[in-house]
Amino acid sequence: MIILSGSGGAFEGGFLTLVVVLVAIFAIALFVIFLRKNTFPILNLLFIRIFRGKYSFEYLEFFKKNNLRNPLNNCIRDEITLHFSVFFKRLKGAGDFTTTLPIEFKDVPFLTSYRKLVKEFGTPHCINIARFERKRVKVVGYNETFHQKKMKSLFYFIEDEFVMGEFVFSETRRMDPTQVKEALSRKYLDGKELSFDSFYIENPRGNVLNYHDNGFFASVKYLYREDTRINDILNDIFAHAHQNGQAFKKAMIQEELLNRF
């Protein structure tokens with residue numbers, strides 16, 4: 001009986017030791033998985049910030065891919081694709097005009113690089129990113145004033161090249177939008193009276209601006225159309241966009257998913 005009792009105690013002690021060892025192995029495995037899932041992305045983010053910068057496309061895309069809140073302010077709340085699409089599907093009832101003058105945005109040459117713009121204007125006040133197929137798209141903005149009212153100047157880049165500018169006036173209820181239309185008319189149309197809520201002005205090179213006032217905010221967009229590469233990218237996405245254009249649908253879905261948070 002004494003021998004049996006001793007054997008049982010040894011068995012129980014060995015079993016408990018085995019259980020402790022298994023629990024320890026399981027805990028270590030969980031810890032390693034946790035490290036791989038959390039530490040590695042954090043190190044990757046740190047690497048991107050150090051070598052690319054917190055305003056880089058890669059840095060912002062990390063947050064979107066990991067369903068994290070954008071660490072910077074958004075310039076626009078809707079999809080970037082919608083801001084380009086007004087040039088490929090004309091707004092109903094909009095006026096059409098032509099000018100012989102260059103269509104420019106804030107004296108910033110089109111195709112200016114992002115780095116050069118930031119060097120000249122300083123740190124952006126807001127940033128959005130998206131992808132047109134595999135092409136990287138970035139919007140950076142600066143807060144300004146027009147006749148003592150708030151205004152945003154937005155710069156749209158495709159693959160680090162400035163291709164479209166936009167002025168956004170968010171206080172149209174407290175400002176007279178005719179001031180904007182008159183300024184555009186004086187510059188491009190010899191002071192012609194503009195009674196439209198939306199209109200386009202195009203020059204012989206194909207560059208075009210669009211003015212639109214929906215009653216809540218007004219905007220003026222300036223699109224560059226002189227570069228074949230940029231035209232091909234935009235045409236692939238937006239040409240026949242509202243006639244079952246698959247590229248346009250895919251771009252909208254991708255951007256909506258990226259902005260779902």
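Some values worked out for this structure:
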quantity	calculated
Identity of the residue in segment 121-161, closer than 21 Å to V220 by Cβ and without any contact (Cβ under 8 Å) to a residue 24 or more places away in the chain, that ends up most open to solvent (accessible area, probe 1.4 Å)	Q148
So L82, is it under 29 Å from V168 (Cβ atoms), touching a strand residue (DSSP E or B) at 6+ places or on another chain (Cβ under 6 Å) and modelled with pLDDT of 65 or more	no
T99, sole failed condition from (1) at pLDDT 85 or above; (2) under 29 Å from the mean Cα position of the chain (by Cα); (3) open to solvent by less than 30 Å² (accessible area, probe 1.4 Å)	(2)
Restricting segment 220-238 to residues that are in a helix (DSSP H, G or I) and open to solvent by less than 40 Å² (accessible area, probe 1.4 Å), the residue that is nearest to F157 (Cα to Cα)	I230
Those residues of segment 125-177 which are among the aliphatic types (A, V, I, L, M) and more than 18 Å from I233 (Cβ to Cβ), in sequence order	I127, V140, M151, L154, V168, M175
Looking only at segment 189-219, and only at residues there that are of a type in the set (D, E) and closer than 23 Å to T145 by Cα, the one that is least open to solvent (accessible area, probe 1.4 Å)	D213
Test: residue in segment 204-217 that is at pLDDT 50 or above, of a type in the set (D, E, K, R) and in contact with a Ser or Thr (Cβ under 8 Å, 6 or more places away or on another chain)	yes
Candidate set from segment 162-173 (those that are open to solvent by 10 Å² or more (accessible area, probe 1.4 Å) and either of a type in the set (D, E) or not in a strand (DSSP E or B) (or both)); member that is modelled with the highest pLDDT	S170
Residue satisfying all of: in segment 85-109; in a strand (DSSP E or B) and β-branched (V, I, T); farthest from V208 (Cα to Cα) among these	V108
Some residue of segment 181-203 being touching a Pro at 6+ places or on another chain (Cβ under 9 Å) and small (G, A, S)	no
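The values are calculated or read from the model by the stated rules, or taken from the named source; none is laboratory data. Everything numeric here is computed off the predicted structure, so don't read it as measured data. Quick reminder, even Gly has a Cβ in these numbers, built from the backbone with ideal geometry, and neighbours come from all protein chains shown. Note: areas computed on protein heavy atoms with side chains; ligands, DNA, RNA excluded. Shrake-Rupley method; radii C 1.70, N 1.55, O 1.52, S 1.80 Å.
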